[in-house]
1. Looking for something basic (Lys, Arg), outside any loop (DSSP other than H, G, I, E, B) and more than 23 Å from the chain's Cα centre (by Cα) - is there at least one such residue anywhere in region 450-465?
2. Mind checking which residues of region 336-366 are closer than 20 Å to ILE391 by Cα and either of a type in the set (S, T, N, Q) or buried (at least 19 other Cβ atoms within 10 Å of the Cβ) (or both)?
3. Which of the following residues is more than 25 Å from TYR362 (Cα to Cα) and either surrounded by fewer than 18 Cβ atoms within 10 Å (Cβ to Cβ) or touching a strand residue (DSSP E or B) at 6+ places or on another chain (Cβ under 8 Å) (or both): VAL99, VAL80, VAL131?
4. So which of THR333, THR326, THR295 ends up being crowded, with 19+ Cβ neighbours inside 10 Å and farther than 27 Å from THR83 by Cβ?
5. Can you tell which of GLU356, GLU412 is of a type in the set (Asp, Glu), over 15 Å from the mean Cα position of the chain (by Cα) and modelled with pLDDT of 95 or more?
6. Do you know which of the residues in region 449-489 that are at pLDDT 95 or above and of a type in the set (Gly, Ala, Ser) is nearest to CYS433 (Cα to Cα)?
7. Restricted to region 118-128, and to residues that are farther than 26 Å from GLN416 by Cα and touching a strand residue (DSSP E or B) at 6+ places or on another chain (Cβ under 6 Å), which residue is surrounded by the fewest Cβ atoms within 10 Å (Cβ to Cβ)?
8. Kindly indicate which of LYS101, LYS160, LYS95, LYS113 is of a type in the set (D, E, K, R) and in contact with a Ser or Thr (Cβ under 8 Å, 6 or more places away or on another chain).
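The values are calculated or read from the model by the stated rules, or taken from the named source; none is laboratory data. Model, not experiment: these values are computed from the prediction. When we count neighbours, we look across all protein chains shown, and the Cβ atoms used for this are built from the backbone with ideal geometry, even at glycine.
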Amino acid sequence: MKKTTITVKAVLLIAILSICLTSCKKEEKKVDEVKTEAAKEEGLATYKKGGVAPCLSKASWFPHTQTPAPAEGKGSPFDVSSTTNCIFHQWSWQKFLWVTKPEGDLPLFLHQKEIIQVNDAMEPVTQREGVSVVLTDTIQAGSKHGVLKVNPEYNSETGKAFTVHYSIHTSLTMQDAAEDFKEALASGKLPADNLETFPVGSLELKVSWVDAAAIPNNKLGNYYTTMAAVIDKDGKTYTNTKMALLGMHVVGVVENHPEFIWATFEHDDMAPNYDWKANTASSATQKLLFAEGSTSGLDGITFIKDKEPVLANKAYDLFQYGVPVTVSGYMETSQSEPENFDHIKEINASVAANLEGVWKNYFYNGSIWIDTDGMTPEQQAQKIVELGNNIGSATPGSSARGSLNCANVTMETFTQTFQSDISDINVNNLANCFSCHNPSSFSGNTSPIYLSHIFDKFIQINDGKSDKEVELMKDEQHQKMAEFLRTMK
């Protein structure tokens, strides 16, 4: 009897221990699940080979109607002595989602509140009745004055080569800082050569648009459209026109990066990427900027000054995501690859899986910034000035990071390279945002604040120069830069 009692007790004890262990395992599993969800929120859910975390969007960005502005000041992911490649891509996507966040009938950037429309001299644009944007500019950056027209066969019903237009928008933070700098420069309190920088929150947007009639009806729903006042050929009157958004530059200052992060976005049905292995750009269908068929070489993205492209309707992205490659693979540059390329591809897929509505048809084509890790604000400003015209250099050991041939096919169509032959393109002569946007002003002074061309023109106009004079100064600077890059074989 005693033996039986002991046996029963032993069985009961084992059963109790088993229940406790099972319960503990369940609790551990719950804790692990919570940790996993937290990791997902930070974009660190799983790991690829080599232990590099994929670059993902965050759950807090969605739905798009509730996308918060990204953290970019003190306490943000940039407020550290050592940054990761991914946080720049995450900022770029979140900032794009924030400025395009629907607020009533319009996205945030068209409400003229936190962000306002300005001209290329940073002067506020007077808005017109019944429209959300005013369009007067069709000239691309660069001394050849390129004008981009769409493929007329993309919408065979109209068969018209509509011209692409541009608008510029800035944050009130940047506008206020620009006014302060203008007064300080005019009074002499701030010398023309200085180490001032725009504050965190400063933002520039450049947006490309085309007449909605350029797009077939069965595809128009894939583009964001709005009514715009488009200037007529007489340069005085306007016509209210339904316009479709094609691309956007999102350029902003974050903590420890006074050089701005230069990010760009494009619609996904406009142009192919150049295939470097096949040495062609091709499309089996009609695209907005690229006619069905193929082309080889640079004719499709080369503009004859003040005239037309060498080859019309064959515009393409020279490098996918602005990441330089050759026939044999990634170029050896100052940015580690394929980490950067993979991160862009990953975050695009991650956003697409969560984003609904028309903005799902736009993708992130890369961004560029410089390495300022471990530097004080004074050292960052000094570095920008010291780098000068070489701030965008992509050679190994240089400071530029991200997409080292960053460009937008709708805005830098004809300045994706300054070489005359595609075989001449190499790491020494890559073109990117910093090729033109450097700390040298149009008048030859140096400061981080001159990285912004609209601010530079704002100051030149305030100093009494005419619009034509400033444009000639800008052209001269651009020509020198282009000639320099052409010599770098």
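1. If we filter region 450-465 for residues that are basic (Lys, Arg), which is where we start, we get 457, 465.
Among the residues that remain, those that are also outside any loop (DSSP other than H, G, I, E, B) are: 457.
Narrowing further to those that are more than 23 Å from the chain's Cα centre (by Cα): none.
No, region 450-465 contains no residue that is basic (Lys, Arg), outside any loop (DSSP other than H, G, I, E, B) and more than 23 Å from the chain's Cα centre (by Cα).
2. Residues of region 336-366 closer than 20 Å to ILE391 by Cα: 336-337, 340, 366.
Those that are closer than 20 Å to ILE391 by Cα and either of a type in the set (S, T, N, Q) or buried (at least 19 other Cβ atoms within 10 Å of the Cβ) (or both): SER336, ASN340, GLY366.
3. On the way: VAL99 fails: more than 25 Å from TYR362 (Cα to Cα); VAL131 fails: more than 25 Å from TYR362 (Cα to Cα).
Every option except VAL80 fails the conditions.
4. Details: THR333 fails: farther than 27 Å from THR83 by Cβ; THR326 fails: crowded, with 19+ Cβ neighbours inside 10 Å.
Among THR333, THR326, THR295, only THR295 is crowded, with 19+ Cβ neighbours inside 10 Å and farther than 27 Å from THR83 by Cβ.
5. On the way: GLU412 fails: over 15 Å from the mean Cα position of the chain (by Cα).
Testing whether each residue is of a type in the set (Asp, Glu), over 15 Å from the mean Cα position of the chain (by Cα) and modelled with pLDDT of 95 or more leaves just GLU356.
6. So, considering only residues that are at pLDDT 95 or above and of a type in the set (Gly, Ala, Ser), the one nearest to CYS433 (Cα to Cα) is SER452.
7. At the first step, the residues of region 118-128 found to be farther than 26 Å from GLN416 by Cα are 123-128.
When the remaining residues are screened for being touching a strand residue (DSSP E or B) at 6+ places or on another chain (Cβ under 6 Å), the result is 124-125, 128.
On the way: PRO124: 12, VAL125: 18, ARG128: 14.
Of everything passing the filter in region 118-128, PRO124 is surrounded by the fewest Cβ atoms within 10 Å (Cβ to Cβ).
8. On the way: LYS160 fails: in contact with a Ser or Thr (Cβ under 8 Å, 6 or more places away or on another chain); LYS95 fails: in contact with a Ser or Thr (Cβ under 8 Å, 6 or more places away or on another chain); LYS113 fails: in contact with a Ser or Thr (Cβ under 8 Å, 6 or more places away or on another chain).
Within the list LYS101, LYS160, LYS95, LYS113, the selection yields LYS101.
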